[in-house]
Amino acid sequence: MNRILVVVAHPDDETILCGGTLALLARAGAEVHVLCATRGEGGELGEPPLCERTDLGRVREQEMRCAVQALGGINVEFLDYTDPTVGENEVLHPYTDDFDQLTTCLCDYIQQLRPEAVITHGSNGEYGHPAHVLTHRAALAAMPDDVSLYTFSPSFSAHPRPRLANADDSADLILDISPVFEKKVAAAQCHRTQNALFVRRSSKRAGRQLSISEVLMKVEGLHRVSASTNNLSDQLFESLLAPWKRLHDVETSA
């Protein structure tokens, strides 16, 4: 059994950025575990608000459990960091200044779970979110030699949401997630407090109100940061995704 660990900064990152990939892995028989640094306490409350600010972390924890279950994952855990609210002029912030402590927490968790591969945020933090960049850096520092590290939302020529692409991470796998797209939609709908956020930017650009299914990416990708010293483990992981790999796009994006 392949055990995969996904490390993200906030609830909904696992769905919006790599939900289809996780659903494909689960469909192929992998154990998908998700570790989230925060409970998204600084996020939106919903339109109209679905809870008080003081309850948002608890609500979003349950939303994330719902989403991971919809994607076929088997476990969700949290590191108990607090997500800061968005600052003035929409300035975003990391959730901790103690990089060493975060790295130790991730290292301990990885050693305990013993996954074959870890998937996390890209080196550019997708759209530059400091919490995403921090999570990427800590995961990279925490990785043992016998575990492979991949990052989601890499750069490739036909990326459906260029704003979310990590410019410095070229795609090693590009995946057609259409066979599990409805699972990704169901997972996104679990994140009820963030549903308005998911569609706001695209709806404004389109000049009409879009649905969640219209804005979610149907193509996802992975960048291979580091390979395991166990080559068989790498082959097993990538073989799980092989049926949905888009070879032409990988070649043309190189």
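Per-structure values
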{"item": "Filter result for G29 (small (G, A, S), surrounded by fewer than 23 Cβ atoms within 10 Å (Cβ to Cβ) and modelled with pLDDT under 95)", "result": "yes"}
{"item": "Odd one out for R163 among (1) more than 16 Å from the chain's Cα centre (by Cα); (2) surrounded by fewer than 17 Cβ atoms within 10 Å (Cβ to Cβ)", "result": "(1)"}
{"item": "Check on L173, among the hydrophobic types (A, V, I, L, M, F, W, C), touching a residue at least 24 places away in the same chain (Cβ under 8 Å), under 25 Å from P49 (Cβ atoms) and surrounded by 14 or more Cβ atoms within 10 Å (Cβ to Cβ)", "result": "no"}
{"item": "Selected residue (criterion: surrounded by the fewest Cβ atoms within 10 Å (Cβ to Cβ)) from residues of the stretch 87-128 that are assigned to a helix (DSSP H, G or I) and polar (S, T, N, Q)", "result": "N89"}
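One line per residue, one yes/no per condition, for (1) surrounded by fewer than 24 Cβ atoms within 10 Å (Cβ to Cβ); (2) touching a Leu at 6+ places or on another chain (Cβ under 8 Å); (3) more than 26 Å from L149 (Cβ to Cβ):
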| position | (1), (2), (3) |
| --- | --- |
| H10 | no, no, no |
| L22 | no, yes, no |
| A37 | no, yes, no |
| P48 | yes, no, yes |
| D55 | yes, no, yes |
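The values are calculated or read from the model by the stated rules, or taken from the named source; none is laboratory data. Computed from a predicted model, the values in this text were never measured in an experiment. Note that each Cβ is placed from the backbone with ideal geometry, even for glycine, and that neighbours are counted across all protein chains shown.
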